[in-house]
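Enquirer: Quick one: the structure is below, questions incoming.
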């Protein structure tokens, strides 16, 4: 928690000696802080002047780091402080435009493993949704949580081998289904083309519908294959 001193006008405070020097330093630090805040909210800025004062150097992580930061701006109700109040409100308006991205400080390897685990979980859920109507256990059988595997290395190797075999079998099944879709679409097109009493325009319309249906089905199967390969 940092209690920042207020900006002071020497003409109002009448400060002299050490108090004058202190007020000058305070105003300089606050001016630098204002500059840092303005730079942080400028998308074109390439350099943030944190080192221009001790204050901004100490607040570097809070202003532009990965922390959750709250800044409270205090203003006075007296009319003779109008200028100071307006400056403080402008200050606060700029500060609230700073967008920090808080995150847990952790070992990069742990973070990477967690990201992989999240992606694996997401892929499993998507596969289950895509294969509604089929038996999801066929895809998920013996595919344990890859990021949470425990036990002897020999057991892990056996489980990985079984997972690989299951995925290979499923890939083959998808290929067979794609071929079946193509053959079924061909039969439907041939049946339409053999209809002598049907108008040419109607034939073309139905054939186009069959082509579109086949294309959509093939895309769905291809999407399944890509997801399975990624998993």
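Enquirer: Residues of segment 69-90 being in a helix (DSSP H, G or I), touching a residue at least 12 places away in the same chain (Cβ under 8 Å) and within 33 Å of the chain's Cα centre (by Cα), which ones?
Expert: Passing the criteria: only 89.
Enquirer: For segment 4-52, enumerate the residues that are assigned to a loop (DSSP other than H, G, I, E, B), over 34 Å from the mean Cα position of the chain (by Cα) and closer than 30 Å to residue 99 by Cβ.
Expert: 4, 5, 6, 7 - these are the residues of segment 4-52 that are assigned to a loop (DSSP other than H, G, I, E, B), over 34 Å from the mean Cα position of the chain (by Cα) and closer than 30 Å to residue 99 by Cβ.
Enquirer: Then there's this: Consider residue 143 against the criteria (1) at pLDDT 80 or above; (2) part of a loop (DSSP other than H, G, I, E, B); (3) outside the structural domain of residue 39 (by TED's automatic domain parsing): it satisfies all of them except one. Which criterion is unmet?
Expert: Here residue 143 meets the rest and fails (1).
Enquirer: Over 29 Å from the mean Cα position of the chain (by Cα) and either exposed (fewer than 12 other Cβ atoms within 10 Å of the Cβ) or more than 15 Å from residue 4 (Cα to Cα) (or both), is that true of residue 66?
Expert: no
Enquirer: Could you list, in sequence order, the residues of segment 91-105 that are surrounded by 11 or more Cβ atoms within 10 Å (Cβ to Cβ) and touching a helix residue (DSSP H, G or I) at 6+ places or on another chain (Cβ under 9 Å)?
Expert: 91, 94, 95, 97, 98, 100
Enquirer: Report yes if some residue within segment 168-185 is at pLDDT below 75, in a helix (DSSP H, G or I) and more than 32 Å from the chain's Cα centre (by Cα); otherwise report no.
Expert: There is at least one residue in segment 168-185 that is at pLDDT below 75, in a helix (DSSP H, G or I) and more than 32 Å from the chain's Cα centre (by Cα).
Enquirer: Looking at the structure I just gave you, is residue 76 modelled with pLDDT under 85, over 30 Å from residue 114 (Cβ atoms) and in contact with a helix residue (DSSP H, G or I) (Cβ under 7 Å, 6 or more places away or on another chain)?
Expert: yes
Enquirer: With respect to the numbered conditions (1) more than 21 Å from residue 227 (Cβ to Cβ); (2) at pLDDT 60 or above; (3) out of contact with any helix residue (DSSP H, G or I) (no Cβ under 9 Å at 6 or more places or on another chain), which one is the sole condition not fulfilled by residue 162?
Expert: Here residue 162 meets the rest and fails (1).
The values are calculated or read from the model by the stated rules, or taken from the named source; none is laboratory data. Quantities reported herein were computed from a predicted structural model and do not represent experimental measurements. Cβ: placed from backbone, ideal geometry, glycine included. Neighbour counts: every protein chain shown.
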